[in-house]
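For reference, the structure discussed in these notes is given below.
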Amino acid sequence: MKTFAFVCVMALAAAPLASAQATKAPQTKKAPAAAAKAGSAAGARTVEITGSDTMKYSVTEITAKPGEKIHVVLKALGTMPKIAMAHNFVLLQAGVNPQDVANAAFNARATDFIPADMSSKIIAHTGLVGGGETSEVTFTAPTKPGKYDYLCTFPGHFSQGMRGTLTVK
Ligand SMILES: [Cu+2]
């Protein structure tokens, strides 16, 4: 009984160490490439966002001036295969329910989870990125002050909290 308990304690102690090392290494290695690419959208302010295997954005609040040019660079961290874990950034027009877009996206794998019949509800979106990939989009923030939702439309990610808000003021 005593031996069993000791083994359990050792396993618990080792787990956090291993996961901390695993998440640290890729970030430092690949950061320079993303930064070099971000300079391409002239005159726009760059916002870098990462998406993780835990289905979260690193940035969930963006503030912009009315009509400001914004350049979003989305990078997927993580090691899962793209078919099981990928991310995008989809910015919605004011008043659009992100749940409706997430629901429609479930059946839109052929278009990388961008529902074709919802283009009028979307201000801008990146491509779909798997682990280590980067996609970027430049757009002009709405001129009307207010809050605009953005979300990842990969199935299940919105309900896991992969969403954020662009505030124009
Ligand atoms: Cu996602």
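On a 21 Å Cα-Cα criterion, which of the cross-link pairs K65/K144; K82/K121; K121/K144; K69/K121; K75/K169 come out too long? Intermediate values should be presented prior to the final figure.
Details: K65/K144 10 Å; K82/K121 26 Å; K121/K144 15 Å; K69/K121 19 Å; K75/K169 26 Å.
Pairs exceeding 21 Å: K82/K121; K75/K169.
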Sort 74-80, 160-166 by the packing proxy (mean of other Cβ within 10 Å over each peptide's residues), most packed first.
74-80, 160-166
Loop sites in the stretch 66-168: chymotrypsin sites (Phe, Trp or Tyr not before Pro), DSSP, at most 13 other Cβ within 10 Å:
F106
Determine the sum of side-chain charges near Y57: Lys and Arg each +1, Asp and Glu each -1, restricted to other residues whose C-beta is under 15 angstrom from that of Y57.
-2
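We did not get these values from a lab; they are worked out from the coordinates using the rules stated. Just so you know, these numbers come straight off a predicted model, no measurement behind them. Please note: Cβ atoms are built from the backbone with ideal geometry, for glycine as well, and neighbour counts cover all protein chains shown.
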